[in-house]
Each structure stands twice: as structure tokens, then as C-alpha cells.
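Scroll down for the structure; my scribbles are underneath it.
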Amino acid sequence: MSAQFQASAKIIKDVTEKLTELSARTKTSATSHQNSKPYRTCCKNPKQRGVLGEYYLEQILKNILPPGSFELQYKIGEGLIVDAVIKLDDKVLPVDSKFSLENYKSAYRCQRS
């Protein structure tokens, strides 16, 4: 059980580190008004935001986890699908890729100041 817990903790740590790196890269690219215009345009539409979030989530999972250790568009119940799950032995960790437009706008305003 201890080994399983350590393996799960390592996966969560790795995912957190990669998300932190992605966040730093996103902030860097958003500092340029010219570079951020496509993001602002894309993020106006909730459907496009969802597609963008799912794309980035898939790329992150592919880059940090071995094949077969995650699954996209995973059905966890009747009519309930999550964007992805990370497989942890006999359990799954659901992951949702949505991001708040208000949080995005707030971060963008802070970086322009």
C-alpha cells in the first residue's frame, strides 16, 4: 500500500510540476500584446475555450505520462464524462480541463499592468 501511495504521489507531483511549467510559459507568451491576441479571440467563445483546454490537457498528459496510464473522454457514470482520467492501479483520478474566462482575463490584465 505504501508503494502504491508513493507511486500516486509521484504522478501527482509530476503533473503539478508540468502544469506549473505550462503556466509559466503561458504567462510569458501573454506578455506580448501581439502574441496574446489569438488567445483573447479564441477564449471569447466557451466552446473554443473548452477545445483549447482539452488540447492542452492531452498534450500535457502525453508528455509526462506513459502510454496507457491515462484515458481521454472517460465515462464515469450515466451521462457523465470527464475530459481525462489518470489511471492509478485500480483507481482513476478524474481531470477536467476547463478554465474560467474571468480568471484568464484577470491574469491577462495583471500582466499588462
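Please treat every number below as a calculation from the coordinates, not as lab data. The shown structure was predicted, so the numbers you read here are calculated from the model rather than taken from an experiment. Cβ placement follows ideal geometry from the backbone for every residue including glycine, while neighbour counts extend to all protein chains displayed.
Restricting attention to region 64-83, the residues that are surrounded by 10 or more Cβ atoms within 10 Å (Cβ to Cβ) and either on the phi > 0 side of the Ramachandran plot or over 10 Å from the mean Cα position of the chain (by Cα) (or both) total 12.
Residues in region 58-85 that are in a strand (DSSP E or B) and of a type in the set (A, V, I, L, M): LEU72, ILE76, LEU80, ILE81, VAL82, ALA84, VAL85.
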